[in-house]
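S.K.: Mind having a look at this structure? Questions to follow.
Computed from the coordinates by the stated procedures, all read-outs in this text should not be read as laboratory data. If you're wondering where the values come from, they're calculated on a predicted model, not measured in any experiment. Because the Cβ atoms are built from the backbone with ideal geometry, glycine has one as well, and the counts that use them run over all protein chains shown.
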Amino acid sequence: MDPDIGCRSDGEGIALIVHTLIYRFADSVAEQDREQFFTELRDAALKSGLIKDFGYGAHYLLPVDEHSKGMTGNAIAQFACEDLPTLRKFSELPLVHDLLARWRSKIDYEAAYANHDVLLTSTTGGNPMHHTEHTVTVDAPVEVVWPVLVDVEGYARIFPPTEKVTILEESPEHQIARLVVDVNGVIQSWVSRRDIDVNRRVIAYRQLENAPMMGYMGGEWRALPLGDDKTQLVLTHDFKPREPVDGKVAGKYTYEEADEMIKAAVERNSVADLGAVKIEAERLAAEGQAA
């Protein structure tokens with residue numbers, strides 16, 4: 001993908017993807033040309049219907065920047081879009097490539113970029129994101145544990161609260177699935193995306209369609225080999241409730257009540273889910289040894 005293309009958050013504190021662009025314009029580039037470049041880039045982004053928001057501004061130079069190694073930018077831009085497929089679709093539009101080619105022939109600049117989730121939430125005026133990490137040691141090799149994690153449809157069998165999992169989209173690198181789950185006696189449904197890194201044995205997940213009380217939910221499953229017959233299983237969560245409407249989250253709870261309920265559910269379910277994977281993987285390992 002051309003390093004000029006990216007996306008940012010949706011301005012509501014529930015962004016899925018942020019793409020940060022750092023530009024280094026040559027001294028020969030006039031301020032008027034720089035402003036026109038960003039204006040045309042913004043117009044192309046917003047008129048595409050794929051990008052929700054766009055912002056750009058100057059990099060504020062510090063004295064230490066004069067002696068720093070690598071590229072120090074003099075401008076920054078961010079786009080907002082829903083997910084990586086949307087970003088990819090935008091980046092492949094002919095009008096985007098034509099715009100960038102025209103400006104590259106006209107002005108001299110460098111660009112660096114990074115795709116990432118929202119990293120700072122407490123500084124944006126909203127409520128802070130929580131991060132939790134739970135772990136368990138599994139008496140089974142990572143080669144046995146990993147398939148249990150990847151088999152998202154099997155979660156309905158090994159996780160008691162999960163009643164049904166339907167895969168909506170799948171490739172070797174990702175899954176998008178709808179989960180139907182019993183949450184504190186109430187049946188809820190949401191859609192999650194899981195990005196699968198086979199080499200690192202990490203599954204990064206996030207809710208694309210949130211549960212009713214959830215403002216953001218994401219995290220990782222990590223399977224770390226401990227020798228030939230043990231695996232360290234790690235489950236992380238990054239989450240926060242929805243922002244209240246008329247003082248209520250999901251029409252029922254104060255933000256504080258929803259926050260405490262979600263934190264308790266994450267704690268309870270993390271222990272239960274790790275235990276369920278441990279039991280299943282150890283069962284499979286024992287069956288393999290018996291065979």
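S.K.: Which Rg and Dmax, in Å, describe the Cα atoms of the chain?
M.R.: Rg, Dmax (Cα atoms, Å): 22.6, 74.
S.K.: Which one of Tyr109, Ala58, Thr86 is farthest out on the positive end of the charge dipole of the chain, using unit charges on Cβ (Lys, Arg +1; Asp, Glu -1) and the Cα centre as origin?
M.R.: Positive-end residue among those listed: Thr86.
S.K.: Let me ask another. Quantify how much of the Cα-Cα distance distribution of segment 157-280 extends past 17 Å, in percent. Let's see the in-between values first.
M.R.: On the way: 4807 of 7626 pairs.
Percentage above 17 Å: 63.
S.K.: What do the square roots of 5 times the Cα gyration tensor eigenvalues come to for segment 17-116, in whole Å, largest first, as semi-axes of the equivalent ellipsoid?
M.R.: On the way: eigenvalues 116, 56, 26 Å².
Values for segment 17-116, descending: 24, 17, 11 Å.
S.K.: With the contact rule set at Cα under 8 Å and sequence spacing of 6 or more, what percent relative contact order holds for segment 17-116? Don't jump to the answer; show the numbers that get you there.
M.R.: On the way: 132 pairs, mean separation 49.9, N = 100.
Here the relative contact order equals 50 percent.
S.K.: Size of the dipole of the chain about the Cα centre, Lys and Arg at +1 and Asp and Glu at -1 on the beta carbon, nothing else charged, in debye to 20?
M.R.: Working: 30 positive and 48 negative charges, 45 e Å.
Using Cβ point charges on Lys, Arg, Asp and Glu, the chain gives about 220 debye.
S.K.: Leu46 versus Ser28, label points 7 Å from Cα toward the beta carbon: distance in nm?
M.R.: Placing both labels 7 Å beyond Cα along the Cβ direction yields 3.2 nm.
S.K.: Here is a further query. Each label point is 7 Å from the Cα along the Cα-to-Cβ direction; what then is the distance between the points at Tyr60 and Glu209, in nm?
M.R.: Between Tyr60 and Glu209, the label points sit 4.2 nm apart.
S.K.: How far is helix 94-106 tilted off the main Cα axis of the chain, in degrees rounded to 10, range 0 to 90?
M.R.: 40 degrees
S.K.: From the backbone phi of segment 42-51, what are the Karplus-calculated ³J(HN,Hα) couplings (6.51 cos²θ - 1.76 cosθ + 1.60, θ = phi - 60°) in whole Hz, Gly and Pro given as x?
M.R.: 3J(HN,Hα) across segment 42-51, in whole Hz: 4, 4, 5, 5, 6, 6, 5, x, 9, 9.
S.K.: A follow-up question, please. Compute the distance from the alpha-carbon center of segment 173-199 to that of segment 232-291, in whole Å.
M.R.: Each part reduced to its Cα centre gives a spacing of 12 Å.
S.K.: Using only Cα atoms, tell me the angle between helix 255-290 and the longest principal axis of the chain; keep it within 0 to 90° and round to the nearest 10.
M.R.: Taking the Cα atoms of the chain, the angle to 255-290 is about 60 degrees.
S.K.: Given points 7 Å out from each Cα along the Cα-Cβ axis, report the Arg268 to Thr39 separation in nanometres with one decimal.
M.R.: About 5.7 nm separates the two model spin labels.
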